Every structure is written in C-alpha cells, then in structure tokens.
2 protein chains.
Amino acid sequence: MLRLTKKADYGLMALKYLAEHPEVVSVSAKDIADTYRIPPQLLAKVLQRLTKVGLLRSHAGMNGGYALSKPAGTISAFEVIHAIDGPLFITSCTKGSKGCDLEPSCTVKEPLARVNESIAGVLRSISIYDLVDHETAAQRAADASQLISLTSLTQ
Amino acid sequence: MLRLTKKADYGLMALKYLAEHPEVVSVSAKDIADTYRIPPQLLAKVLQRLTKVGLLRSHAGMNGGYALSKPAGTISAFEVIHAIDGPLFITSCTKGSKGCDLEPSCTVKEPLARVNESIAGVLRSISIYDLVDHETAAQRAADASQLISLTSLTQ
DNA sequence: GAGTATACGACCATTATTGTCGGCGTTCAA
DNA sequence: TTGAACGCCGACAATAATGGTCGTATACTC
Ligand code: FES
Ligand code: FES
C-alpha cells in the first residue's frame with residue numbers, strides 16, 4: 001500500500017550505483033542489472049526513460065552505457081519517481097485532466113491534495129546523494145518527521 | 001503512482017461524513033454509499049474493517065449502522081489507511097517478514113525506509129477533523145511542507 | 001562489417017485492486 | 001412472532017496495474 005513501483009526502485013538503485021562509481025565514464029544497463037540481479041531489459045527501459053527526461057546521458061555502441069547528467073546531489077528522488085511512474089497522486093483520481101468517477105461527490109480530494117504536496121516535498125528533499133550517504137539522509141528524515149509532529153501538536 | 005486505494009478513499013469519506021453529522025446516532029453503510037454514489041457492499045466491507053480495529057462502533061438490526069467510536073480529532077488518516085490497506089510501505093518489498101526477492105542486493109531499502117517514516121508522519125498529523133475543517137488542514141500541510149524544505153536547505 | 005550497446009513499441013504474465021454474491025446472525029417494530 | 005433492515009464474513013469474478021519479455025531498428029566502436 002502506497003508503495004512505489006519496482007521500476008522506480010530499480011531506477012533509484014541504478015542512479016545510486018552511478019553516483020557511487022563516478023570514476024567510470026559510462027555503465028551499461030546490463031552491468032547494473034547483473035550487479036543487482038534485476039531483469040536487464042526492464043532496467044534498460046527505465047534508464048531510457050531517465051535519459052529522455054535528461055537525468056542521464058546515454059552513449060550507444062561498444063563501451064557505451066549511461067552516466068549521470070548532473071551531480072547526484074542535485075537529482076531528487078521526486079524527479080526520478082516522477083519520470084518513471086508519472087505524476088504523483090495520492091488520491092485515486094488517476095489523472096488531473098479527467099476527474100475520477102466520484103469527482104462531484106468526493107469530499108476528501110482537496111484535503112488530500114495537501115497531504116500529497118507534503119509527501120512530494122519530502123521526496124523533493126531527498127537526493128540521490130542522500131541515498132549514498134545514509135547518515136545524512138537518516139538525519140534529514142528524522143528532522144523532517146520531528147518538525148511535522150511538532151507542527152501537528154502546536155496546531 | 002504512490003496512490004492510496006479507493007477503499008481507503010471510501011473509508012476516509014465515510015469517516016468524514018460521520019464527523020460532519022454528529023447529531024445522528026448511527027448511519028447505515030447504504031446511506032453513506034448512496035450519498036457518494038459508491039458501491040454499498042464495498043463500503044460495507046470497509047466500514048466493517050474500521051469497526052474491527054475499533055475506529056467505529058456498529059449496531060446491527062433496524063435503524064442500525066455505524067458511528068465514530070471516538071472524537072474525529074483523535075482519528076488520524078494514518079490509522080484509517082493502515083486499517084484498510086495494511087502496513088504502509090513505500091518500498092516494493094511488500095512484507096516485513098519475508099523480504100522481497102532483491103533483498104540481498106537492494107541498496108535503497110534502508111534510506112527509503114526513512115522516507116517512509118516521514119510520509120507516515122505526515123499522515124499521522126492529519127485527523128478526520130482536519131478533513132472537515134479545510135482551512136486548518138491546509139495551513140498544517142503548508143507548514144509541514146515549508147519546514148521540510150527548510151530542513152533540506154539547512155543540511 | 002562484426003559486435004555491442006541503446007531505443008522503442010508491442011505484447012503477454014502476474015499480481016493487486018475493485019466489485020459482487022450468497023448465506024448468516026442481530027435488532028427492532030408492527 | 002415474523003419480517004424487514006441492518007451488520008458480518010468468506011468466496012469469487014471482473015478489471016486494472018504492474019512486471020517482464022521479445023523483436024526490431026538504430027548508433028557507435030573497433
Ligand atoms: S478520489 Fe477522485 S475525486 Fe475523490
Ligand atoms: S525493494 Fe525489497 S529489498 Fe529493496
């Protein structure tokens with residue numbers, strides 16, 4: 001429940017891998033897939049999508065592969081997830097354009113949209129670099145949680 | 001993507017409805033379902049689960065139905081979602097007991113668990129009452145988001 | 001030109017969600 | 001006391017989303 005897809009997981013793992021190996025010019029999808037034992041072709045498609053949105057640079061041919069197009073610290077988990085899984089919607093209305101069937105009567109849509117924004121904020125605050133440096137990420141997440149509960153109490 | 005299920009949506013709508021009608025002793029699943037045009041039997045099952053975890057009190061027989069078992073302000077969105085959809089996991093490892101297939105190699109599990117906690121925190125800070133009183137909820141969510149980005153910047 | 005890699009779309013398999021059905025126990029009021 | 005209105009529960013079918021595969025085209029290196 002409320003889980004992100006395996007594709008997004010794969011994408012984050014791959015980006016983390018690339019962030020951890022800055023010395024290598026480019027890494028093939030197959031290499032990464034082998035490392036983590038994930039389906040190579042599926043990962044390939046994920047990386048292709050990340051390339052299309054500009055998070056990765058690709059290079060075909062021998063010794064080709066992928067590389068980060070910008071520093072790991074400037075790539076947020078939100079960008080990655082958005083690129084792979086599409087827009088983030090906590091509500092069950094899948095699309096913004098065509099409202100879901102219970103559009104007229106649904107009363108929780110608006111409040112939940114706020115929650116949605118908060119979650120997006122959390123994801124935006126996590127970068128690929130944070131995935132590498134566990135301590136920093138842990139600290140940040142802890143801070144965020146604490147501030148949130150604090151906010152809730154003081155209301 | 002990252003959306004909660006319709007069941008959870010239905011549950012929240014129903015609880016909101018009950019919170020908005022405190023004068024009525026008990027409301028039947030059918031009444032709520034009719035109001036929002038959602039499948040009565042499905043809503044019934046959702047309400048039954050909410051009853052089982054103690055968020056609602058049920059009363060069988062004629063003029064029976066459901067009522068909140070405690071003040072709307074003390075019921076968090078997290079409780080509701082957890083009751084209906086089960087434990088909240090952002091990662092694709094569905095269950096805590098049996099790790100997913102990429103358990104040994106997966107490197108993003110631990111960092112994402114922190115993100116997961118942050119999101120749970122946000123949901124815990126929203127109560128059913130907040131769904132009724134839009135202004136308060138909006139303000140709270142805005143505060144939470146702002147604090148989170150602030151945290152991210154100062155890291 | 002041979003080999004290796006990305007790019008892309010179509011496609012099927014698997015799984016999760018959504019919704020329905022039928023039977024049973026409870027309450028209440030005519 | 002009888003029946004309608006309701007909650008309770010498990011099984012199941014319909015549907016949708018995800019996960020994964022295949023084939024082919026294209027780009028690049030050697
Ligand atoms: S879930 Fe779509 S309008 Fe409420
Ligand atoms: S997704 Fe299950 S261990 Fe990483």
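The values are calculated or read from the model by the stated rules, or taken from the named source; none is laboratory data. Source: prediction; values computed, not measured. Glycine gets a Cβ as well: all are built from the backbone with ideal geometry, and neighbour counts include every protein chain shown.
Among residues belonging to region A:49-60 that are surrounded by fewer than 16 Cβ atoms within 10 Å (Cβ to Cβ), farther than 21 Å from residue A:131 by Cα and within 12 Å of DNA strand D (Cβ to nearest atom), point out the one that is nearest to the other protein chains (Cβ to nearest Cβ).
A:59
Can you work out which of the residues in region A:61-77 that are part of a loop (DSSP other than H, G, I, E, B) and either more than 16 Å from DNA strand D (Cβ to nearest atom) or hydroxyl-bearing (Ser, Thr, Tyr) (or both) is nearest to residue A:27 (Cα to Cα)? Lay out the reasoning, then the answer.
Filtering region A:61-77 for residues part of a loop (DSSP other than H, G, I, E, B) gives A:61-64, A:69-71, A:75.
Now drop any that are not either more than 16 Å from DNA strand D (Cβ to nearest atom) or hydroxyl-bearing (Ser, Thr, Tyr) (or both), which leaves A:69-71, A:75.
Numbers: A:69: 13, A:70: 15, A:71: 16, A:75: 18 Å.
Here the answer is A:69.
How many residues does region B:125-148 hold that are at pLDDT 70 or above and facing another protein chain (nearest Cβ under 7 Å)?
So the count comes out to 4.
Looking for something closer than 30 Å to residue A:78 by Cβ, away from ligand 2 (no atom under 16 Å from the Cβ) and in contact with a strand residue (DSSP E or B) (Cβ under 8 Å, 6 or more places away or on another chain) - is there at least one such residue anywhere in region B:34-52?
No, region B:34-52 contains no residue that is closer than 30 Å to residue A:78 by Cβ, away from ligand 2 (no atom under 16 Å from the Cβ) and in contact with a strand residue (DSSP E or B) (Cβ under 8 Å, 6 or more places away or on another chain).
Taking region A:27-60, which residues are closer than 24 Å to residue A:82 by Cβ and part of a loop (DSSP other than H, G, I, E, B)?
Across region A:27-60, the qualifying residues are A:38, A:39, A:53, A:54, A:55.
For residue A:72, state whether it is at pLDDT 85 or above and either more than 9 Å from chain B (Cβ to nearest Cβ) or more than 16 Å from ligand 1 (Cβ to nearest atom) (or both).
So residue A:72 fits the description; yes.
I need the full set of residues from region A:19-47 which are free of Cβ contacts under 8 Å to residues at least 60 places away in the same chain and under 17 Å from the mean Cα position of the chain (by Cα), in order please.
Across region A:19-47, the qualifying residues are A:42, A:43, A:44, A:45, A:46, A:47.
Among the numbered criteria (1) modelled with pLDDT under 95; (2) buried (at least 17 other Cβ atoms within 10 Å of the Cβ); (3) more than 14 Å from ligand 1 (Cβ to nearest atom), which single criterion is violated by residue B:3?
Evaluating residue B:3 over (1) modelled with pLDDT under 95; (2) buried (at least 17 other Cβ atoms within 10 Å of the Cβ); (3) more than 14 Å from ligand 1 (Cβ to nearest atom) leaves (3) as the failure.
Would you point out the residue of region B:25-43, among those that are within 6 Å of DNA strand D (Cβ to nearest atom) and crowded, with 16+ Cβ neighbours inside 10 Å, that is nearest to residue B:13 (Cα to Cα)?
Checked region B:25-43; the qualifying residue nearest to residue B:13 (Cα to Cα) is B:29.
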